[in-house]
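Notes follow once the structure below has been shown.
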Amino acid sequence: MSIRDSDGNPVFFQREEGRPFSEQHTVKVLLGEEYEVALELDDLGRTVTAVESVDIDAQQLSVSRSSVHHRERTNSYVYALHGHWSPRHVQATSVGERDVCLVEVRYFHGQEACLLELHLQLKIYQQKKRLQSRGLPLKAATCRFD
């Protein structure tokens, strides 16, 4: 998964090792900003037959394009979705706090509907200049599910 701002730049993230948050990394986003989200589901087990939808923080990703292609190296199919998402929070995250949002990928395994869930820890800022005060550009977030 990658997340880019309206200028096409990757969002920033910061490491949270040793801090009392539920996740080890925090993605930094701006309140009210629309982001381009790219999600790839690499079906290494060759069991996915279709991706139905992606929800981020109970908001369906507005998919602008999708594709499926075969990856020779792993002999698997890759389902790619690109869309737009905006944090739906009412206010910025308080100092010392983090917001955790749920990312849900609905897909089919044959005729069986399945759900893949992961958590994305966010720090939501009100001012753009604070977004890049600490952290690194997020090239992609990856996870593996068996």
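Could you tell me whether segment 72-90 includes any residue that is of a type in the set (Gly, Ala, Ser), surrounded by 13 or more Cβ atoms within 10 Å (Cβ to Cβ) and closer than 20 Å to His119 by Cβ?
Among the residues of segment 72-90, at least one is of a type in the set (Gly, Ala, Ser), surrounded by 13 or more Cβ atoms within 10 Å (Cβ to Cβ) and closer than 20 Å to His119 by Cβ, which makes the answer yes.
Would segment 33-49 turn up any residue that is touching a Lys or Arg at 6+ places or on another chain (Cβ under 9 Å), crowded, with 17+ Cβ neighbours inside 10 Å and among the hydroxyl-bearing types (Ser, Thr, Tyr)?
yes
Is segment 63-86 home to any residue that is farther than 18 Å from Thr142 by Cα, of a type in the set (A, V, I, L, M) and either in contact (Cβ under 8 Å) with a residue 12 or more places away in the chain or touching a Ser or Thr at 6+ places or on another chain (Cβ under 7 Å) (or both)?
There is at least one residue in segment 63-86 that is farther than 18 Å from Thr142 by Cα, of a type in the set (A, V, I, L, M) and either in contact (Cβ under 8 Å) with a residue 12 or more places away in the chain or touching a Ser or Thr at 6+ places or on another chain (Cβ under 7 Å) (or both).
Among Glu117, Glu97, which is the only one that is within 16 Å of Glu16 (Cβ to Cβ) and either in contact with a Lys or Arg (Cβ under 7 Å, 6 or more places away or on another chain) or of a type in the set (Asp, Glu) (or both)?
Testing whether each residue is within 16 Å of Glu16 (Cβ to Cβ) and either in contact with a Lys or Arg (Cβ under 7 Å, 6 or more places away or on another chain) or of a type in the set (Asp, Glu) (or both) leaves just Glu97.
Kindly list, by first and then second residue, each pair from a residue in segment 29-46 that is at pLDDT 90 or above and of a type in the set (Phe, Trp, Tyr) to a residue that is open to solvent by less than 20 Å² (accessible area, probe 1.4 Å) and part of a strand (DSSP E or B), limited to pairs with Cβ atoms under 8 Å and residues at least 6 apart or on different chains.
Partner pairs satisfying both residue conditions: Tyr35/Ile3; Tyr35/Val29; Tyr35/Trp85.
Testing Gln59 on (1) closer than 25 Å to Lys123 by Cβ; (2) open to solvent by 30 Å² or more (accessible area, probe 1.4 Å); (3) out of contact with any Phe, Trp or Tyr (no Cβ under 8 Å at 6 or more places or on another chain), one condition comes back false. Which one is that?
(3) is the only condition that Gln59 fails.
Here's a check for you: in segment 114-131, which residue that is open to solvent by 70 Å² or more (accessible area, probe 1.4 Å) and assigned to a strand (DSSP E or B) is nearest to Leu30 (Cα to Cα)?
Among those residues, the one meeting the criterion is His119.
Among the strands (runs of 3 or more DSSP E) confined wholly to segment 21-107, which include 2 or more residues that are hydroxyl-bearing (Ser, Thr, Tyr)?
62-71, 76-85
What are the residues in segment 1-20 that are touching a residue at least 40 places away in the same chain (Cβ under 8 Å), assigned to a loop (DSSP other than H, G, I, E, B) and more than 12 Å from the chain's Cα centre (by Cα), if any?
Asn9, Glu16
The values are calculated or read from the model by the stated rules, or taken from the named source; none is laboratory data. Given the structure is predicted, the values throughout are model-derived calculations rather than measurements. Note that we place each Cβ from the backbone using ideal geometry, even for glycine, and neighbour counts take in every protein chain shown. Side chains are part of the model used for accessible areas, which takes the heavy atoms of the whole protein and leaves out ligands, DNA and RNA. Shrake-Rupley method; radii C 1.70, N 1.55, O 1.52, S 1.80 Å.
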